[in-house]
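Participant: Here it is: the structure, laid out below.
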Amino acid sequence: MLGSADIKKIDAIYRLMKVKGVGPVLTNKILLSIERGVDADRFCSKINSMLNDSQRDCFIRSESVIDGMTSPYHVGFMSIVDDGYPVGLKEFLSSNTPPVLSFIGNLNLLSKKKVAFSGSRKVSQKGIGITKDCVEQLSGNDVSIVSGYASGVDLTAHEEAIVSGASTIIVMPEGIDSFRIKKELKDIWDWNRVLVISEFMPSDKWTVSRAMSRNNTILGLSDIVFVIEAGTTGGSLDAGFKAIEKGRPLFVPQYGIVPESATGNDKLIYRGAFPVRMKKETSRANLDKAFEYLRTPVYNGLF
């Protein structure tokens, strides 16, 4: 649990991020320049010293973000300089790494092997079945399933992970204040096996750009990635291309008869994704290659 001084520091970072002309790159530069362990007053003084006059005035006048939070849950925070901040996320996003992550639930899930799931909100019934099959098979290997919080593939992956006895990480496309347990998951919810993360201001609302940023965070947190169904355009296709570009092993179902919601799958396979096909002897998805990658030693999510 954060003490009052640490909360004051987190609040100062949020206030800094609200200053015009100060984005993640400058915020992270400032945070990384401040010596570890300084008190909150010295922390704020150091921030002031690295701003120009107009930015400094805005920072000083800004209201508390923490005091305005409305989440009914116990929310924790970590900044980019904290020891528990995911190393893989820093490496994947580089200078655009979120300066602060807010979270609810079991933070220990970040230490597990993590498998991302992405796909269409309007996923086909075939895609739902493949999602459940893949998550169920993976759940026996002590992994955390990482996904967004949208209908379709996301919710199916979270639900199957909990039902199968695994754990799951929800990455929000908006501020942590917006999180509520969805009705599809209420009866099976277990906070010991769930972690909710947001990279945004607590009160931030959903936007397309935030959803795209969230997708990058999902990739950065994960060791391998499944895109179940991608359209010819959109976030899932973009996430697949980004996974390939950044060297995250990507697995994509290869359909015989391609659903309309999966017209981008072959594009991803053509670009280097591993095709997921059915094993004839089991009539289940062949995940041998995925298990091979999950057995590879990793350092905080990095191959």
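Participant: Of the residues Ser209, Ser203, only one is touching a helix residue (DSSP H, G or I) at 6+ places or on another chain (Cβ under 7 Å), open to solvent by 50 Å² or more (accessible area, probe 1.4 Å) and closer than 30 Å to Thr70 by Cα; which?
Facilitator: Values: Ser209 fails: touching a helix residue (DSSP H, G or I) at 6+ places or on another chain (Cβ under 7 Å).
Unique residue meeting the criteria: Ser203.
Participant: For Val225, which of the numbered conditions (1) of a type in the set (A, V, I, L, M, F, W, C); (2) open to solvent by less than 10 Å² (accessible area, probe 1.4 Å); (3) within 16 Å of Leu109 (Cβ to Cβ) fails to hold?
Facilitator: (3)
Participant: A further question follows. Given the condition at pLDDT 95 or above and among the polar types (S, T, N, Q), answer yes or no: does some residue in the range 185-192 qualify?
Facilitator: To start, the set of residues in the range 185-192 that are at pLDDT 95 or above comprises 185-192.
Keeping just the survivors that are among the polar types (S, T, N, Q) gives 192.
Yes - at least one qualifying residue is present in the range 185-192.
Participant: Is the range 244-251 home to any residue that is within 25 Å of Met212 (Cβ to Cβ), in contact with a Leu (Cβ under 6 Å, 6 or more places away or on another chain), in contact (Cβ under 8 Å) with a residue 24 or more places away in the chain and part of a helix (DSSP H, G or I)?
Facilitator: Yes - at least one qualifying residue is present in the range 244-251.
Participant: Can you tell me which condition Ile128 does not meet? The list is (1) farther than 29 Å from Gln254 by Cα; (2) at pLDDT 95 or above, and all the others hold.
Facilitator: All conditions pass for Ile128, except number (1).
Participant: Could I ask something else about it? Restrict the check to the range 208-227 and report whether at least one residue is at pLDDT 95 or above and more than 15 Å from the chain's Cα centre (by Cα).
Facilitator: Among the residues of the range 208-227, not one is at pLDDT 95 or above and more than 15 Å from the chain's Cα centre (by Cα), which makes the answer no.
Participant: Which of the residues spanning the range 150-195 are crowded, with 20+ Cβ neighbours inside 10 Å and assigned to a loop (DSSP other than H, G, I, E, B)?
Facilitator: Gly152, Ala166, Met172, Pro173, Glu174, Gly175, Phe179
Participant: Another one. For Thr217, which of the numbered conditions (1) part of a helix (DSSP H, G or I); (2) open to solvent by 50 Å² or more (accessible area, probe 1.4 Å) fails to hold?
Facilitator: Result: Thr217 passes all but (2).
Participant: Continuing with the same structure: What number of residues within the range 1-54 satisfy the criterion of being β-branched (Val, Ile, Thr) and touching a residue at least 40 places away in the same chain (Cβ under 8 Å)?
Facilitator: Let us first name the residues in the range 1-54 that are β-branched (Val, Ile, Thr), namely 7, 10, 13, 19, 22, 25, 27, 30, 34, 38, 47.
With touching a residue at least 40 places away in the same chain (Cβ under 8 Å) added as a condition, the list becomes 7, 10, 13, 19, 25, 27, 34.
Number satisfying all stated conditions: 7.
Participant: Being in a helix (DSSP H, G or I) and touching a residue at least 24 places away in the same chain (Cβ under 8 Å) is the filter here, so list the residues in the range 196-212 that pass it.
Facilitator: Residues of the range 196-212 in a helix (DSSP H, G or I): 208-212.
Those that are in a helix (DSSP H, G or I) and touching a residue at least 24 places away in the same chain (Cβ under 8 Å): Arg210, Ala211, Met212.
The values are calculated or read from the model by the stated rules, or taken from the named source; none is laboratory data. Bear in mind that the values here come from a model prediction, so they are computed numbers and not experimental data. No Cβ is skipped: glycine too gets one built from the backbone with ideal geometry, and neighbour counts run over all protein chains shown. Remember, those area values only see protein heavy atoms, side chains included, never the ligands or the DNA or RNA. Shrake-Rupley method; radii C 1.70, N 1.55, O 1.52, S 1.80 Å.
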